[in-house]
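Enquirer: Structure below; questions to follow.
Every read-out reported here was derived from the displayed coordinates using simple, explicitly stated rules and does not represent laboratory data. What you see is a predicted model, and the numbers here were worked out from it, not measured in a lab. Neighbour counts run over all protein chains shown; Cβ positions are idealised from the backbone, glycine included.
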Amino acid sequence: MNTAKRKLKTVAAITGLVLLIPFVAMYFTPEVNWGVMDFIVAGVLLSGFGSVFVLISPKVQPKRRPVIAATLTIVLICVWLELAVGLFIF
């Protein structure tokens, strides 16, 4: 199997595992109240940013990959915060 396909499958699996956290938490506490759209948006965000990193990382020098990973992580967190609580007002 192609390494890019294997890495993209890994991104999908990790996305699924991360989404299991709020799914399970919804059964234990009323403070976590996600709807279907919340799971869809979170899945698209997580898998999208993970896929971008997987597809970009072979094209850059290995010493620059942590910078790209950190930048993508910061952008992901900012988008997530904006969607969750409206941190930035535009």
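Enquirer: Once each part is reduced to its C-alpha centroid, what is the distance from region 38-90 to region 2-23 in angstrom?
Expert: Using only Cα atoms, the two centres lie 14 Å from each other.
Enquirer: Next question, about the same structure. About the Cα centre of the chain, how large is the charge dipole given +1 on each Lys and Arg Cβ and -1 on each Asp and Glu Cβ? Please answer in debye to the nearest 20. Intermediate values should be presented prior to the final figure.
Expert: Details: 8 positive and 3 negative charges, 165 e Å.
The calculation lands at about 800 debye.
Enquirer: Along the Cα→Cβ direction, 7 angstrom out, place labels at V24 and N2. What is the inter-label distance in nm?
Expert: Taking the simple label geometry, V24 and N2 are separated by 3.4 nm.
Enquirer: So what are the ³J(HN,Hα) numbers for region 41-56, from phi and the Karplus equation (6.51, -1.76, 1.60; θ = phi - 60°), rounded to whole Hz, Gly and Pro as x?
Expert: 3J(HN,Hα) across region 41-56, in whole Hz: 5, 5, x, 5, 4, 5, 5, x, 5, x, 5, 4, 5, 4, 7, 7.
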